[in-house]
Amino acid sequence: MGKKSSGFIEKHDLWTRVQSEQASELRRRLEREPLQLVRMAWADPHGASRAKAIALPAFLGALSDGYNINVATTTLDSANARTFSSFTRGGGMGLDEMTGSPNLTIVPDPSTFRVLPWAPDIGWVLCDEYFKSGVPFHFSPRHLLRKQLERLTKRGMSCVLGLEIEWYLLRVAESTLCDEHVGSPGVRGRPVGTSPAEPGYSYHSESNMDLMQPVLTALAQAFEKTDLPLRSVENEWGPGQVECTFAPSEALRAADNLVFFRTATKQICRRMGYFATFMCRPGLKGYYSSGWHLHQSLIDAAGRNMFIPEMAPECLSALGRNFLGGILRYAAPAAAFTTPTVNGYRRLRPNSLAPDRATWCPDHRGAMVRVLGAPDDPATRLENRVGEPAANPYLYAASQIVAGLAGIDGAIEPGPPDDEPYAADRPLLPKSLMEALDALEQEPVFRDELGDIFIDYFLKLKRNETGRFLRWLDDHGLPNPGDETTVWEQNEYFDFF
């Protein structure tokens, strides 16, 4: 008898030894606890979860051979407008392997497998995308973050992230969908009507929070059952604005958790007659902007925090200062990843609990980077407050590593702290996504590390989105977007994110 041929995963050596062991345990588990379907999920360029639900026998096969998907979700902008000429030679990207909208093979990462508490008999697992040759997919955000983490590993470092993210909980006010809710490729329909879950603007009000408690309890229970390291749930500023914080995790795990957190939150809330949105500034009366504060530190091979300063009154080590210097120096081009929607720039205003320029200060919530640290404090870290909740977590995290390592390699100093950050003589952050994309295009640091192929692709994808916005403004006779969220933004982002 001939030797049994290797499956796709083994043939191309796509799993670590630990992942192979986890896959074996998962097979045994599914023999004891069979499921009806497994959602094989992957993050699209916007960080939204896409998935195929496959029967259990097919999933068991995918643990050897992966599973085929269409490359199409990578070629769509935030309203599913096809951005590239997929059916021409090179797929509109000048890449032979992208001709004709080909199949990719997605490979499940068994370490991310969960059973969904709100969907009986349904499993969920995150996947990595590969070409049929076994080559990692050029445009996979998860692959891109992993490459940056490999750069850290070669230096004897790893990255730890803590998530602090705001979002809105609303009640669904329309029982059924109608024609107005249906759009077309490149045109989003009107989002479902909603009403506030609580009146808002009573910061940390226990009574207002209790109005949302049934939903918050359901979320907390689901997160516990799926090993999301929830630390707190807080009633924030706007009507129904909620902040969730999570315990620090290794960077890839933290990004994976964020993808799952957003998709789980939206699904659970909708099943309960509520609506969750991670849009930065919803176009509804009195809705304040939401942010995503990314806490980050580097640790050495022994698990020691490399940002801890040696002596008071310093709040960062020399390495930490240089990492901070890089984040400040490259804040403008990184904004395309930290704040990747047209709507997100409505948040970056003076005196708004969000930054308007590249500043830093110890424990100051007006600065772009709030530094929390002291000698012997193992929780010493940087808190970058520039991000929006709709950001792709893999690209957000990768942008910080690219900028921070450039700061370390260039010995970039952050300068003195800015205790009046909105008056500081510092470079202003981009005022629009269009400005951020221009800054990214011109910055070689990100091209060197993320590659010309990805940067050119990302610019085209996001410029298709911004181009549709600018055409909408022109069609409606609006010379500029004004101070309030437009109908276009509400349609584009409210439901998608």
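The values are calculated or read from the model by the stated rules, or taken from the named source; none is laboratory data. Note that the structure is a prediction, hence the values are computed from the model and not measured. Neighbour counts run over all protein chains shown; Cβ positions are idealised from the backbone, glycine included. Accessible surface is based on the protein model in full, side chains and every heavy atom, while ligands, DNA and RNA are left aside. Shrake-Rupley method; radii C 1.70, N 1.55, O 1.52, S 1.80 Å.
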Query raised in the report: Over the chain, what is the mean sequence separation of C-alpha contacts under 8 Å (at least six apart), divided by residue count, expressed as relative contact order in percent?
Result: 15 percent
Report summary line: With LEU428 itself left out, Lys, Arg at +1 and Asp, Glu at -1 over residues whose Cβ is under 9 Å from its Cβ give +2
Report summary line: Dividing the mean separation of Cα pairs under 8 Å (6+ apart) by the residue count of region 252-356 yields a relative contact order in percent of 19 percent
Requested in this report: Could you tell me the largest-minus-smallest coordinate of the C-alpha atoms of region 249-310 on each of the three principal axes, in descending order and whole angstroms?
Outcome: 49, 26, 13
Query raised in the report: Which of the GluC sites (Glu not before Pro) found in region 452-497 are in a DSSP loop and have at most 12 neighbouring Cβ atoms, other than their own, within 10 Å?
Result: GLU484
Query raised in the report: Which log10 I(q)/I(0) values, to two decimals, does region 1-117 give at q = 0.10, 0.13, 0.14 Å⁻¹ under the Debye formula with one point per Cα?
Result: -0.39, -0.63, -0.72
Query raised in the report: Taking every DSSP beta bridge that has both residues in region 304-455, what percent is antiparallel when rounded to the nearest 5?
Result: 60 percent
Query raised in the report: What fraction of the Cα pairs in region 350-497, stated in percent, has a spacing above 20 angstrom?
Result: 60 percent
Requested in this report: Take the Cα atoms of region 124-208, build their convex hull, and give its volume per residue in Å³.
Outcome: 252 Å³
Query raised in the report: Around THR83, with a cut-off of 11 angstrom between Cβ atoms, what is the net charge of the other residues, counting Lys and Arg +1 and Asp and Glu -1?
Result: +3
Query raised in the report: Mean separation of Cα pairs under 8 Å and 6+ residues apart, divided by the residue count of region 294-397: what relative contact order is that in percent?
Result: 33 percent
Query raised in the report: Roughly how many Å is it from the Cα centre of region 211-286 to that of region 331-365, as a whole number?
Result: 22 Å
**Report entry** Paramagnetic label zone (point 7 Å from Cα along Cα-to-C-beta, GLU441; backbone N under 19 Å) in region 85-103
**Finding:** 85, 92-94
**Report entry** region 452-494: C-alpha gyration tensor shape, a/c 1.5 cut-off, then a/b vs b/c
**Finding:** prolate
Report task. Starting from the Cα-Cα distance between ASP210 and ALA53, subtract it from 0.36 nm times their residue separation and give me the gain in nm to one decimal. Result -> 53.0 nm
Report summary line: Once the in-chain neighbours fewer than 8 apart are removed, the lysines whose Cα is under 28 Å from LYS147 read LYS11, LYS52, LYS132, LYS460, LYS462
Query raised in the report: All other residues with a Cβ under 11 Å from the Cβ of PRO375 taken together, and with Lys, Arg as +1 and Asp, Glu as -1, what is their net charge?
Result: -4
Report task. Please report, as a whole percent, how much of the solvent-accessible surface of the chain comes from carbon and sulfur atoms (probe radius 1.4 Å). Result -> 51 percent
Requested in this report: Return the label of the correct value of Cα Rg over 2.2 N^0.38 Å, as calculated from the structure shown, out of [x] 1.24; [y] 0.96; [z] 1.05.
Outcome: [y]
Query raised in the report: Which value, in Å², gives the accessible area per residue of the chain when a 1.4 Å probe is used on the protein heavy atoms?
Result: 42 Å²
